[in-house]
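Each remark here refers to the structure printed beneath this line.
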Amino acid sequence: MKKRSIPWKTYLNFCIQVCNQLKKLEIEWKQPQSDISLISWFMANKTKKIRSLLKNGDELTIEEYNLMISKAVEDGMLHVVDSYLDPIDGSNVRLLSIDKFFFPEIWF
């Protein structure tokens, strides 16, 4: 199976939208949020802009969104503050927090 590369614009747009949503949820709930809940939110609320950034209208998979979140953690935009095993499928769920220095308040 050939591995797809995700365009930089798609990655950046995803990170900005997820970081904005995470910031809103952290203010509302006063706790970190799971990676899968952010991915689910993003998939349900994708903009036309994201669809137009993907070539041939290809949909990204959950694994590709997870890779983008992992890259955002590596790049310092998000922090993993805790993790746990999902009791249903045994997958590792990361609890994320936003880096307020990477995305200053003025961006929100």
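Before moving on, here are some points about what is shown:
- Qualifying residues in the range 68-100 (those that are within 19 Å of ILE6 (Cβ to Cβ) and among the acidic types (Asp, Glu)) - the one surrounded by the most Cβ atoms within 10 Å (Cβ to Cβ): ASP75
- In the range 1-58, of all residues being part of a loop (DSSP other than H, G, I, E, B) and surrounded by fewer than 10 Cβ atoms within 10 Å (Cβ to Cβ), the one that is modelled with the highest pLDDT corresponds to LYS30.
- Among (1) outside any strand (DSSP E or B); (2) over 10 Å from the mean Cα position of the chain (by Cα); (3) at pLDDT 85 or above, the one test that HIS79 misses: (1)
The values are calculated or read from the model by the stated rules, or taken from the named source; none is laboratory data. Since this is a predicted model, take the numbers as computed values, not measurements. Every residue, glycine among them, receives a Cβ derived from its backbone with ideal geometry; neighbour counts consider all protein chains shown.
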